[in-house]
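Step one of this worksheet: look at the structure below.
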Amino acid sequence: MVVPTDDSTTKKQWIHLRRILERAGPFKDPNFEPSTELLSAIESVKILIIGAGGLGCELLKDLALMGFCQIDIIDMDTIDLANLNRQFLFTKADIGKSKAEVAAKFIMNRIPNCNVTPHMNKIQDFDASFYSEFRIIVCGLDSVVARRWINSMLVSMLQYDEDNQLIPSSIIPLIDGGTEGFKGNARVIMHGFTSCIECTLDLFPPQVNFPQCTIANNPRLPEHCVEWVTSILWPKEKPFGQDIKIDGDNVEHIQWIVEHATKRANDHNITGINFRFTQGVVKRIIPAVASTNAVIASICATEVFKLASSSVMLMNNYTMFNDIEGIYMLTYPPEKKEDCPICSNVPIRIQMSETSKFQEFIDLLIEKYHLIAPLIYTEINGNSKTLYMTSTEQMSEATRPHLKMTLQELGLTNGAELLVGDPARASSMRVILTLTSSMETSTAK
Amino acid sequence: MSKSSAPDKKQIQYDRQLRLWGDHGQNALESARVCLIGANTLGTEILKALVLPGLGSFTIIDHQLVTLADCGSNFFVHPSKIDESRARITCEFLTQLNPDVHGTYIDKPSIDDLLKQNTFNFSQFNIVITANLPMQTLSILANHLWTLKIPLIIARTYGFIGTIRLQVFEHYVIEAHPDDTIPDLRLDRPLITFSNYCNSIHFDCLTREEHLHLPSLVILFKTLQQWQKQYNRNDLPCTRIEKDEFKKILEKFSHHSAYDIHDHNKSLENFDEAKRTIPSRLIKTNLSSTIKELFQDQSCLELTNQTEIFWFIIHALKLFTENEGQGLLPVRGEVPDMITNTNSYVKLVEIYQEQAKKDCEIVHNYLCDLLKKYNRLSNHNLNLHHLVQIYCKNASFLKVLRTTAIKNEDDLIDKTESDLSWYIGLHLCDIFYEKFHRYPGECLLDEKQFDIDLDDLKQISKQQSSKNIMSNNKQDILEELCRYGASELHSIAAFIGGCCAQEIIKLITHQYVPVDNTLIYNGIQQATSVFKL
């Protein structure tokens, strides 16, 4: 909705922001120049919000009411009933519709003259030409993989001069927020200067996994019983059809799992299984409330405002928040890894013996660089060769024989350059292989 | 409802938060009534995070009309509603977020007149919230609510600064949900059934399978027993040397005649776990400082017919501790997961849960006797057992929160901690407002006025202070506050709004621990400090 406004109306409406933008103060950023033009500058800055869920809704509202009028928002999901306790731009009537589209519509209605462009897409649907349109990108994602992807996308867009120095104007600041129950974090990433997502992977909580022998033979907790049903019984009995996978939102699926997990639990004198518990384990549900999302999104929005206006110093640069006991907040700058495979702009070098099996090489890559399903290819004698790929059954079959071969047998030579792609990366990483002969390896020890 | 029956619509809607405060917490929230004074940006952001999770009802008190400036900060207004009742419009927009919530508003008389008339019944509310309420009105309200013993949350935003102040006569934290707890396993004061169970296990008689699956808790206890016997002690190893001695015995027990060389090269997971968990298992079991304080509290020692049930239960716990507990609280009953087979783990869980049940029963009996003695026993007894269970399980973390009443905070004026200086600065701005009926720097268009306002503000500061010279930091703060001119920045209001709402939920549900008692938020550095004023 566009409400015709004149300059004076706009000026009156945004008086709260203008006091900050049109006056300097002792805590401003050194680049700050108070000006009556800043408000319209903010209005035309293009911002991208990734995610229109718990954080996304809050971010959209916050940014719209901090003067930003050119906002794009990406989310591939549709609205669920369980979202409504915090994703406030949606009502019961919107269940099933696109989050991005409904969110955009609500905001444009409530705050006229704010222009929100929704994209019901995965972030991977877009390339650098899309992302380079934006001045600042803010994420309210619920997956580490997606964060790593956008992180690597922005790094791939960095430009360097002839002296291999980073050109600052090619940096698109990435502001990232995450919440879990009453805890949350927010950070400002300036690639090349601050740590990036990849530098700090150990800040993310590890995935919950149960050891196989516990699940199969020594269940002790109710979650072990649920895992047994989902990982062992379901694949065996295929209760809803040949190729039907478990759908955590399907009530009948969950009820079947509850029934059989309860039986296993009873056989072992374990208690505690019910619908809510079981669905929580199957979907790996993370508790969420409106308050934490409001807090974390607000921190992100404040930093976006500071970046766009320089009106006040930026935070430095990673904040952790927790209001379980009192209210606690800690802000510190995590260390940027000098050898970060994403943001340090140095190629990765791996040294292995030429008689090492390719499987060993893959295992090393996966472990060291936290890869999920690598795709490895190279050029041998001028021809492009795919060494490893698991995304289709056909390619899995075709590349499986490579696993048992040695690096030498594969045709790799010392100094060979491999390209490694992965779902957690927007672009392939360059790996330079140093191959030692078996003689060298043994004498080196 | 059977175990596998599907959740109803409300349970699905609130699923993500039910996992944090349970059905009983949700029921408390849905029965609660709050009053918000000030339907400005901050006030509505606070209510938003209460309405979304299903607050029972709210009442907004605000006599102002929606302005154009509101539209540049407040999410719950609209340009088409300018000059209409702000209380009515925000109430409408807020209830749209969750039709289950009942919202009402009062847009006349103003809060000042309501307080003058003194006929409004604040006792109908669980909690009262003020958002950027001027100091004079706030003092009168705070005094009134203190007398009525109704909790008050005072919220403020001012440019990039935000504050929250709790005024609570007495609040009980029942389920604290502490983030990191040491499990209550009592190796130094072992349960009799646990001792007996461990004594029935002999290392030389174990098969290879049994040895591989021996629970680390049993391993540690038997090692402890051996260490105590060997060194003629009845306590825990504490010095470095003693811990090394302990580890040596542990190492000895990890061998088994049936292990071949292959086994020796692999490490034994359960023994590794035993070693790894030494810091949290070999600790002295004692009363937490918080429960000790509660036991000494006047309200616990001097029960009357009018005393809250909380204190009766505390007193019952005290009696337990002094008698059957032999100086310790009822056993919590939870056993952390450990690497072992099903039967051994289930056996341990049974042992600890049985003891917890027994202890809880004793506390329950003490409670009933006390209630009888003070004529408080009634037909509400059916829920007592469940209530006692919750208290026993959380006994170590029970807490009472009593804050001071809001008073004139002039005596803080010379404190130098950075964030407190902002709080004091806001107080000076309040004094400025009382004098000039506007905030310093509020007028944007006049640069000269800004300088005059800043001078006046500094004058006020000098008058309040006992010091002759104002620090640079203080000067900077006053200048920055003048720059803000009491601007309500939406993102700062969203931060304070979210925090406040959660503090209110803590007070309503008696779960998690509230701030005691003042939070200062610095949006420039993204930092918070808490002060007990």
Query raised in the report: What are the residues in the range B:471-515 that are of a type in the set (K, R) and either at the interface with chain A (Cβ under 8 Å from one of its Cβ atoms) or in contact with a Pro (Cβ under 7 Å, 6 or more places away or on another chain) (or both), if any?
Result: B:R483, B:K506
Requested in this report: Could you tell me whether the range A:104-123 includes any residue that is of a type in the set (G, A, S) and within 17 Å of A:I71 (Cα to Cα)?
Outcome: yes
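Report whether or not A:Y332 is within 14 Å of chain B (Cβ to nearest Cβ) and over 22 Å from B:T163 (Cβ atoms).
Spelling it out, A:Y332 is indeed within 14 Å of chain B (Cβ to nearest Cβ) and over 22 Å from B:T163 (Cβ atoms).
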Report summary line: Within the range A:147-191, residues over 28 Å from B:G523 (Cβ atoms), surrounded by fewer than 21 Cβ atoms within 10 Å (Cβ to Cβ) and hydrophobic (A, V, I, L, M, F, W, C) come out as A:M157, A:L158, A:L166, A:I167
Query raised in the report: Is there a residue being part of a helix (DSSP H, G or I) and either in contact (Cβ under 8 Å) with a residue 24 or more places away in the chain or in the same structural domain as B:L519 (by the TED database) (or both) anywhere in the range B:330-337?
Result: no
Query raised in the report: If you check every pair at least six apart or on different chains, which have Cβ atoms under 9 Å apart with a residue in the range A:64-93 that is in contact (Cβ under 8 Å) with a residue 60 or more places away in the chain first and a residue that is crowded, with 18+ Cβ neighbours inside 10 Å and of a type in the set (K, R) second?
Result: A:N85/B:R16; A:R86/B:R16; A:F88/A:K61; A:F88/B:K48
Report summary line: Of (1) out of contact with any Asp or Glu (no Cβ under 6 Å at 6 or more places or on another chain); (2) surrounded by 14 or more Cβ atoms within 10 Å (Cβ to Cβ), B:Q124 fails just (2)
Requested in this report: State whether the residues of the range B:49-68 include one that is within 14 Å of chain A (Cβ to nearest Cβ) and of a type in the set (D, E, K, R).
Outcome: no
Report task. Starting from the range A:258-276, take each residue that is under 21 Å from B:A6 (Cβ atoms) and list its partners that are among the small types (G, A, S) and modelled with pLDDT under 95, counting only C-beta distances under 8 angstrom and pairs at least six apart or across chains. Result -> A:V258/B:S4; A:E259/B:S4; A:T262/B:S4; A:A265/A:G272; A:N274/B:S4; A:F275/B:S4; A:F275/B:S5; A:F275/B:A6
Query raised in the report: Which is without any contact (Cβ under 8 Å) to a residue 24 or more places away in the chain and either buried (at least 23 other Cβ atoms within 10 Å of the Cβ) or part of a helix (DSSP H, G or I) (or both), of A:I244, A:I232?
Result: A:I232
Report task. Please tell me if A:V281 is within 7 Å of chain B (Cβ to nearest Cβ), at negative phi, touching an Asp or Glu at 6+ places or on another chain (Cβ under 9 Å) and among the aliphatic types (A, V, I, L, M). Result -> no
Query raised in the report: Give me the pairs: first residue in the range A:96-107 and at positive phi, second residue surrounded by fewer than 24 Cβ atoms within 10 Å (Cβ to Cβ), beta-carbon distance under 6 Å, and six or more apart or on different chains, which are they?
Result: A:G96/A:T78
Report task. Please enumerate the residues belonging to the range A:307-332 that are part of a loop (DSSP other than H, G, I, E, B) and modelled with pLDDT of 95 or more. Result -> A:D323, A:I324, A:G326, A:I327
**Report entry** When residues of the range A:247-257 are limited to those that are free of Cβ contacts under 8 Å to residues at least 40 places away in the same chain and in contact with a helix residue (DSSP H, G or I) (Cβ under 9 Å, 6 or more places away or on another chain), the one surrounded by the most Cβ atoms within 10 Å (Cβ to Cβ)
**Finding:** A:I257
Query raised in the report: Does B:N234 count as closer than 30 Å to B:K393 by Cβ, surrounded by 14 or more Cβ atoms within 10 Å (Cβ to Cβ) and modelled with pLDDT under 95?
Result: no
Report task. Check every one of the strands (runs of 3 or more DSSP E) wholly within the range A:350-445 and list those with 1 or more residues that are surrounded by fewer than 16 Cβ atoms within 10 Å (Cβ to Cβ) and β-branched (V, I, T). Result -> A:375-380, A:383-388, A:429-436
Requested in this report: List every residue pair whose Cβ atoms lie under 6 Å apart, where the two residues are 6 or more positions apart in sequence or sit on different chains, the first residue falls within the range A:296-308 and is within 8 Å of another protein chain (Cβ to nearest Cβ), and the second residue, located anywhere, is small (G, A, S).
Outcome: A:S298/B:S491; A:S298/B:A494; A:I299/A:A186; A:A301/B:S491; A:T302/B:S491; A:T302/B:G523
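The values are calculated or read from the model by the stated rules, or taken from the named source; none is laboratory data. Just so it is clear, the model here is predicted, and its values are computed rather than measured. Glycine gets a Cβ as well: all are built from the backbone with ideal geometry, and neighbour counts include every protein chain shown.
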